[in-house]
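Visitor: I am attaching a structure below and will ask some questions about it afterwards.
The values are calculated or read from the model by the stated rules, or taken from the named source; none is laboratory data. Not measured: the values here are computed from a predicted model. In this analysis, Cβ positions are derived from the backbone assuming ideal geometry, glycine residues included, and neighbour counts consider all displayed protein chains.
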Amino acid sequence: MSNNKNKKRNTMIGVGVALALTVGVGTYYISQSPDKDKEPTLEDQLKETMANQLFAFTDNGVVKLYDSKNSSELDSFDLKTLATGKEVVVETKPVTPTPSKEPAKVVTEEFGDFLRVPHKVIAGENSWKIQESLTPKRDTANMLKLVAQANGKTKLHPIFPGQTLYYLKEKDGSSPEEAVKEVQTGEAIAEQKVEKVVKKVDENSVYLYSKSEDFKTLYAYSDIEQTFYSVTEKDKKIEAKVLFTATDLKGVKDFKVTSDNKLYVVFEDGTKVREFDLSTNKQTKEYKLQGTSDLFAVRDGFLFYTFADKLGKIDLKNGEEQSVLLGDKSTDFVFTKDKLVILNDFGSKMDNSVLMKINPTDLKVDDLVELKSNENAILSEEVDTETVLVGQISKTTDLDKKVKKEPVVLPIKLSNLQKDLFVKKVPFDKNALEVDGFIYEVKDGTTTVYSAQNGQVSKEIDVDNATKIMPLK
């Protein structure tokens, strides 16, 4: 091999040949009777641990925290309250505020360690910026939670011009009268500044989401704001903050944040991935892909992505590339302890598809199994056992030649990709996911939690209009 670090190394694997071999020896997998005394049972492999809490979130940036065990809502946060908005020119006549000769009316009071002071909202303002100006050295997200309490749990987004709300000011020795006067003076100055240019937050912002590998942090991205956010839980409360903002990130298709504080972004054209160091908020590298990416992940210092009918891999240190032919478009994948499991559409025109077990080191296909359906999804979000769960719309034909469709979950053993006889009917869809032996599915405002061992409903949680969920570890 050349010492040129950027030289591409392509490995071509004929899936057709591999599939033919699988069919030829298919009876081997089916006929083998595993020694039950030696192999762990499905119950052993799918140890059940229901998450104590979960995030439920919407496409427009509303995140809610729920107690899974008693199905109750603990906290809620609208990411749009963190938005800075965009500049909009408005044609109005300049206004020069006339200072009032009367002393400021004192309607403030002490609120814990702060002074509660009134503020009349000016066009273009948002609660985040108002509170940040009053307590610049404090965590604004935490301060807004106190502000909500100071206003009798009034919603802080959206807020409207002319509306008067209470915000919190540090006790710096000033009297309540001076605090109110200072805020009112600030309002007058702000009114002058925003007469021609105001900030407006787009209520139609659509957010993309990504989960951390340890299922402790939810990440979000607003394409309008070109801003990334992190959402965590602490003491049964949501903590949200701005992670990174840029000016040239329009058209983000997907993103990942790794444990080493790196951000990887793939754009709508799917032909490149940009790497950012979140400790410096600067772009460090850009990787050109061999084709338009459908799926991508970062693992152990390598970037893995699928494109067309191939799987690609890039060494993030030296840029060396590999690729392998898979047969058709890949629709899903998940990493196990030492393998990459890929769901591929090979055979989809004949109501079929395949699940492949791939060695991530050399990209060789170690094994594959036919799924006998072209409607499948990998439910397992992480695999630290010897079983991966695949959701499937099973199709059978009765004596009248009518096709019956039925949702099932297939536990598939990774040792030989044998489909376990233990098949349970679970009404899954592609948003469903399995974590620690439980399947979580959100539909029509309800999250249903199923046991992966027996398919029984373990819990139902009302999550309002949330469309996605993330169990917390």
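Visitor: Would a scan of region 281-293 turn up a residue that is in the same structural domain as residue 224 (by TED's automatic domain parsing), under 22 Å from the mean Cα position of the chain (by Cα) and buried (at least 16 other Cβ atoms within 10 Å of the Cβ)?
Guide: For region 281-293, residues in the same structural domain as residue 224 (by TED's automatic domain parsing), under 22 Å from the mean Cα position of the chain (by Cα) and buried (at least 16 other Cβ atoms within 10 Å of the Cβ): present.
Visitor: Tell me the strands (runs of 3 or more DSSP E) entirely within region 322-401 that contain at least 1 residues that are aromatic (Phe, Trp, Tyr).
Guide: Values: elements: 330-335, 340-344, 354-358, 365-370, 376-378, 387-397.
Fully inside region 322-401 and qualifying: 330-335.
Visitor: Identify, from the list 180, 265, 273, 198, the residue that is closer than 25 Å to residue 466 by Cα and either part of a strand (DSSP E or B) or modelled with pLDDT under 95 (or both). Reasoning before the result, please.
Guide: Numbers: 180 fails: closer than 25 Å to residue 466 by Cα; 273 fails: closer than 25 Å to residue 466 by Cα; 198 fails: closer than 25 Å to residue 466 by Cα.
Result of the check over 180, 265, 273, 198: 265.
Visitor: Restricting attention to region 118-132, and to residues there that are touching an Asp or Glu at 6+ places or on another chain (Cβ under 8 Å) and buried (at least 20 other Cβ atoms within 10 Å of the Cβ), which single residue is farthest from residue 168 (Cα to Cα)? Steps first, answer last, please.
Guide: Going through region 118-132, the residues touching an Asp or Glu at 6+ places or on another chain (Cβ under 8 Å) turn out to be 119-120, 122.
Those still in the list that are buried (at least 20 other Cβ atoms within 10 Å of the Cβ) too: 119, 122.
Details: 119: 10, 122: 17 Å.
So the residue we want is 122.
Visitor: Identify, from the list 310, 250, 241, the residue that is of a type in the set (D, E, K, R), in the same structural domain as residue 220 (by TED's automatic domain parsing), out of contact with any helix residue (DSSP H, G or I) (no Cβ under 8 Å at 6 or more places or on another chain) and surrounded by fewer than 18 Cβ atoms within 10 Å (Cβ to Cβ).
Guide: On the way: 310 fails: surrounded by fewer than 18 Cβ atoms within 10 Å (Cβ to Cβ); 241 fails: out of contact with any helix residue (DSSP H, G or I) (no Cβ under 8 Å at 6 or more places or on another chain).
Step by step, each of 310, 250, 241 is checked, and only 250 is of a type in the set (D, E, K, R), in the same structural domain as residue 220 (by TED's automatic domain parsing), out of contact with any helix residue (DSSP H, G or I) (no Cβ under 8 Å at 6 or more places or on another chain) and surrounded by fewer than 18 Cβ atoms within 10 Å (Cβ to Cβ).
Visitor: Now for a different question. Working only within region 228-257, note down all residues that are of a type in the set (S, T, N, Q) and in a strand (DSSP E or B).
Guide: Our first condition is that a residue be of a type in the set (S, T, N, Q); within region 228-257, this holds for 230, 232, 245, 247.
Residues satisfying the conditions are 230, 232, 245.
Visitor: In the list 451, 415, 380, 458, which residue meets the criterion of being assigned by TED's automatic domain parsing to the domain that holds residue 56 and farther than 29 Å from residue 216 by Cβ? Break it down stepwise before answering.
Guide: Details: 451 fails: farther than 29 Å from residue 216 by Cβ; 380 fails: farther than 29 Å from residue 216 by Cβ; 458 fails: farther than 29 Å from residue 216 by Cβ.
After ruling out the rest, the residue left standing is 415.
Visitor: May I pose another question? In region 150-165, what residues are surrounded by 14 or more Cβ atoms within 10 Å (Cβ to Cβ) and either modelled with pLDDT of 85 or more or among the aromatic types (Phe, Trp, Tyr) (or both)?
Guide: Correct list: 150, 151, 165.
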